[in-house]
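Asker: This is the structure, below, for whatever I ask next.
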Amino acid sequence: DAGVIQSPRHEVTEMGQEVTLRCKPISGHNSLFWYRQTMMRGLELLIYFNNNVPIDDSGMPEDRFSAKMPNASFSTLKIQPSEPRDSAVYFCASSLDPRAQYFGPGTRLLVL
Amino acid sequence: DAKTTQPTSMDCAEGRAANLPCNHSTISGNEYVYWYRQIHSQGPQYIIHGLKNNETNEMASLIITEDRKSSTLILPHATLRDTAVYYCIVRVSNSGGSNYKLTFGKGTLLTVNP
C-alpha cells in the first residue's frame, strides 16, 4: 500500500496567491482529515470528512480556507488568498476505523 | 475529551527500555488512551491504544493503571530511530457516529542516545 499521498510536498508562494493542496487517502478508508502544524500552535485539526461528507469544519481558520472531497480517493484544501501566517506544514490523514489515523508526509507551505 | 499531561522531554540509552508516562486524571469510563509519535519531518504515526487492560503490539506496550488516571508507553528496546515526539491522547472511540477527533498536545520529545 502506498499510504496517504500528498502533493505538492513543498510549496512556496506569494501573499495573495491561491494555494491548492491535494491528498489521496489510503484505498478503502472512509474518513479523511486535514491538519495544520506550526511551532506556535502545534498540530490542529482543520476539517474531517466521513464517506466524502464534511462532518466538522470548526477548525478551519476562516473563509479563505475551503476543503472538498469529490470522491473517496481525492481531497483538496484550498487557501485563497494566501497570507504569510498560513505558512505551516499541512497533513492529510485517513482512517477506516476509529483507532488509527494514517498520516501523509505533509505539504510544507511557505507564503512570502 | 480528557486533558493529558506529559513530560516535555526524556532521554533514553539505545537498547534500553523507554518508559513514557502520561497523566489523564479526568478520564471518563468510555475514553480510550491513544499513543502516536512524530519523527522529525514526518507525519504522526499511530502506535497503540487501550481502554483499561494492558496492551502490546509489535511496536510497544501500553500499561494503564487500575484507576485509569495514568498510563505508560513502553518501548522495550529503544533504537536511535525511536527518537521522536510521543503524543498521549484520550478520546472516546466508537465505531459508529463521527467522533474521530484527535486532539494533539505538545507531547514528549524522546531522545534515544547511542
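Asker: Take residue A:30 and tell me if it is in contact (Cβ under 8 Å) with a residue 40 or more places away in the chain and surrounded by fewer than 17 Cβ atoms within 10 Å (Cβ to Cβ).
Answerer: Judged against the criteria, residue A:30 is a match.
Asker: Can I ask one more? Among the numbered conditions (1) touching a Pro at 6+ places or on another chain (Cβ under 8 Å); (2) among the charged types (D, E, K, R); (3) facing chain B (nearest Cβ under 10 Å), tell me where residue A:18 comes up short.
Answerer: (3)
Residues checked against (1) open to solvent by less than 30 Å² (accessible area, probe 1.4 Å); (2) outside any strand (DSSP E or B); (3) under 30 Å from residue A:51 (Cβ atoms):
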site: B:29; (1), (2), (3): no, yes, yes
site: B:35; (1), (2), (3): yes, no, yes
site: B:53; (1), (2), (3): no, yes, no
site: B:71; (1), (2), (3): yes, no, no
site: B:74; (1), (2), (3): no, no, no
site: B:78; (1), (2), (3): yes, yes, no
site: B:91; (1), (2), (3): yes, no, yes
site: B:101; (1), (2), (3): no, yes, yes
site: B:109; (1), (2), (3): no, no, no
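Asker: Could you tell me whether any residue of segment A:78-99 is open to solvent by 30 Å² or more (accessible area, probe 1.4 Å), part of a strand (DSSP E or B) and in contact with a Phe, Trp or Tyr (Cβ under 8 Å, 6 or more places away or on another chain)?
Answerer: yes
Asker: Looking at (1) open to solvent by less than 30 Å² (accessible area, probe 1.4 Å); (2) away from chain A (no Cβ under 14 Å); (3) aliphatic (A, V, I, L, M); (4) under 11 Å from the mean Cα position of the chain (by Cα), find the lone condition where residue B:63 falls short.
Answerer: Residue B:63 satisfies all of (1) open to solvent by less than 30 Å² (accessible area, probe 1.4 Å); (2) away from chain A (no Cβ under 14 Å); (3) aliphatic (A, V, I, L, M); (4) under 11 Å from the mean Cα position of the chain (by Cα) except (1).
Asker: Quick one: how many residues across segment B:1-14 are open to solvent by less than 40 Å² (accessible area, probe 1.4 Å) and either among the basic types (Lys, Arg) or outside any strand (DSSP E or B) (or both)?
Answerer: Of the residues in that region, 3 qualify.
The values are calculated or read from the model by the stated rules, or taken from the named source; none is laboratory data. The model shown is predicted, which means the values in this text are computed figures rather than measured ones. Please note: Cβ atoms are built from the backbone with ideal geometry, for glycine as well, and neighbour counts cover all protein chains shown. Side chains included, ligands, DNA and RNA excluded: accessible areas come from the protein's heavy atoms. Shrake-Rupley method; radii C 1.70, N 1.55, O 1.52, S 1.80 Å.
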